[in-house]
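The values are calculated or read from the model by the stated rules, or taken from the named source; none is laboratory data. All values reported here derive from a predicted model rather than from experimental measurement. So basically every Cβ, Gly included, is an ideal-geometry build from the backbone, and we count neighbours across all protein chains shown. Heads up: the accessible areas ignore ligands, DNA and RNA and are worked out on the full protein's heavy atoms, side chains in. Shrake-Rupley method; radii C 1.70, N 1.55, O 1.52, S 1.80 Å.
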Amino acid sequence: MNNKIDSFKVDHTKLKRGIYISRVDNVGGSGVVTYDIRVCEPAKKEYMDPKVAHTIEHIGATFFRTKSKFKDNVVYFGPMGCMTGFYLILSGYKKTDEVWNEVRSLFSSIANVDWKEIPGATEIECGNSSFHDLVGAVEFSKEYSEFLSQGPNPKNMLYVMNGIY
């Protein structure tokens, strides 16, 4: 099989942390945008612990569907299989800097809220309820939130500008 999907054409050895528009699709006449929320640099062999990613997924999905200004446009939020980031899929185009700020709000809230429980993480609600790490998610989010606080930068937003696609 020689057909590569677009995400496999991205040179991951050049990929930096940031928030990128991964793809734009037309589904039933509406634009659907996939944002690549890259929290680790693959070339540096940095990866999230899967338990941390699972916990951030639960908190992030809840945040984006209930508190985010994009809550009516959320199609999906979840981790990449490679454990270097998350995908946020929204119906309708949003400016990358707006998405940057919402993602920053998510990671800031994970880092700064005194969490008593992980949303949707009981045995009834989650298929692998024991596979979480809230302490790790908070620590990871503090560091990524600090990175995001530097603000959007085209070097961390456009695949093409960086020669990685």
> Within the chain, what's the longest stretch lacking GluC sites (Glu not before Pro) that sit in DSSP loops with no more than 14 other Cβ atoms inside 10 Å?
Replying inline: 47-116
> By the scheme Lys and Arg +1, Asp and Glu -1, what is the net charge of all other residues having a beta-carbon under 15 Å from that of residue 100?
Replying inline: +3
>> Under 5 Å between amide hydrogens, which residues at least 5 positions from residue 22 or on another chain qualify, with H placed 1.01 Å from N in the peptide plane?
In response: 34, 35, 36
> With the calculation restricted to Cα positions, what are the radius of gyration and Dmax of the chain in angstrom?
Replying inline: 15.6, 49
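Counting only protein heavy atoms and using a 1.4 Å probe, what share of the accessible area of the chain belongs to carbon plus sulfur, as a whole percent? Please report the intermediate quantities before stating the final value.
On the way: 4610 of 9110 Å².
For the chain, the apolar C and S fraction of the accessible surface comes to 51 percent.
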> With every protein chain left in place, what is the accessible area per residue of the range 64-165 in square angstrom, probe 1.4 Å?
Replying inline: 56
> By how many nm would the segment from residue 82 to residue 6 lengthen if fully extended, with 0.36 nm per residue of separation less the alpha-carbon distance?
Replying inline: 25.8 nm
> What list of ³J(HN,Hα) couplings, whole Hz, do you get for the range 97-104 from phi and the Karplus terms 6.51, -1.76, 1.60, once you set θ to phi - 60° and write x for glycine and proline?
Replying inline: 5, 5, 5, 3, 5, 5, 5, 4
> How large is the charge dipole for the chain, taken about the Cα centre, if only the Cβ atoms of Lys, Arg (+1) and Asp, Glu (-1) carry charge, to the nearest 20 debye?
Replying inline: 560
> Which aspartates and glutamates, on any chain, are close to residue 69 with Cα under 16 Å apart, when same-chain ones fewer than 8 places away are left out?
Replying inline: 97, 98, 102
> By accessible area of protein heavy atoms, probe 1.4 Å, what ranking do 89, 59 get, highest first?
Replying inline: 89, 59
